[in-house]
Amino acid sequence: LRAELVHVQPVSVGSTSLWIDFAAIAPRAQDALVAELLAPLRPQVAELALARSPVGAGTLSFCAQLPGLTRLDLRDTKVGDAELAWLGAHATLEELVLARTAITDASLERLLAFPKLRHVYLWGCALAPESIERLRARPGLAVDFGDTPDAVIAQVEEPPKFTSDLPIPDLPPAGDPNAPINAKCPVTDAPINPKYTRTFE
């Protein structure tokens, strides 16, 4: 995995369960490559991130066979209702990230069927408010749909002000282009002697 630039590390010190992230090679992380790289570690895969990759039904079908999978990140993929169906009712999945995917109301019952699901991210998906409410009515399930107060923008930064747009400090009065910029010498702090004033282009 590391030779293919896929991030892999234990989920905790001394654990054989792995967190695997395909972010560095997301554009080429297609179904066949994902299955080829993960097959030898099937029992150890616990957290799998496939965001922004072109995965489809093949990868979801493969994920259904990962016995220790607890977190699956599919954000910004083309996964839709048909692809999600291949995941089945995964027995150990606790967190599912489906933000900005093609998931719709058709996946509602499937999401409710995951027995251990504790957190699902669905912002940017085409689910009706009624479907979100049904999900939120399930005890122990946190649903992030981007509509809670903590998801609202609290503050917007002012546009940056560049020093090139600001007036020059201590600019001489208009109409006197030969007046010195400084009133005092920056080295000696003595008043400027006009005798030594020079004008440069």
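The values are calculated or read from the model by the stated rules, or taken from the named source; none is laboratory data. Keep in mind that what you see is a predicted model, and the values were worked out from it rather than measured. Backbone-built Cβ (ideal geometry, glycine too); neighbour counts: all protein chains shown. Protein only, heavy atoms only, side chains kept; ligands, DNA and RNA dropped before computing areas. Shrake-Rupley method; radii C 1.70, N 1.55, O 1.52, S 1.80 Å.
Given only helices, namely DSSP H runs of n ≥ 4 each adding -39500 (n - 2.57), what is the per-residue ellipticity at 222 nm of the chain, to the nearest 500 deg cm²/dmol?
Taking each H run of at least 4 residues, the total per residue is -4000 deg cm²/dmol.
Enumerate the calculated ³J(HN,Hα) couplings along the range 116-133 in order (Karplus 6.51 cos²θ - 1.76 cosθ + 1.60, θ = phi - 60°), each rounded to whole Hz, writing x wherever the residue is Gly or Pro.
10, 4, 10, 8, 10, 9, 10, 5, x, 9, 8, 9, 6, x, 5, 5, 5, 5
Compute the distance in nm between two label points, each set 7 Å from the Cα along the Cα-to-Cβ direction, one at Ala179 and one at Ala102.
Between Ala179 and Ala102, the simple spin-label model gives 6.9 nm.
Multiply the residue gap between Ser17 and Ala190 by 0.36 nm, knock off their C-alpha separation, and tell me the result in nm, one decimal place.
Answer, rounded to one decimal: 55.0 nm.
For Rg and Dmax of the Cα atoms in Å, the listed values are [x] 17.8, 58; [y] 16.9, 50; [z] 29.4, 89; which was obtained by calculation from the structure presented?
[z]
³J(HN,Hα) across the range 139-145 via Karplus (A = 6.51, B = -1.76, C = 1.60, θ = phi - 60°), whole Hz, x for Gly/Pro?
x, x, 10, 8, 10, 9, 10
In units of 2.2 N^0.38 Å, what is the alpha-carbon radius of gyration of the range 81-151? Numbers along the way, then the final one.
Working: Rg = 11.2 Å, N = 71, 2.2 N^0.38 = 11.1 Å.
Normalised by 2.2 N^0.38 Å, the Cα Rg of the range 81-151 equals 1.00.
Report the accessible area of Tyr196, computed with a 1.4 Å probe over the heavy atoms of all protein chains in place, in Å² rounded to the nearest 10.
150
Stretched out fully, how many nm does the piece from Ala113 to Leu41 gain, at 0.36 nm a residue minus the Cα gap?
23.3 nm
At 1.4 Å probe size, with every protein chain present, just tell me what the per residue accessible area of the range 1-43 comes to in Å².
60
Against the globular-protein guess of 2.2 N^0.38 Å, express the Cα radius of gyration of the range 22-88 as a ratio, rounded to two decimals.
Output field value: 0.98.
Need the full-extension length gain, Glu157 to Thr199, defined as separation in residues times 0.36 nm minus the C-alpha distance. One decimal, nm.
Contour length minus the Cα-Cα distance gives 11.0 nm.
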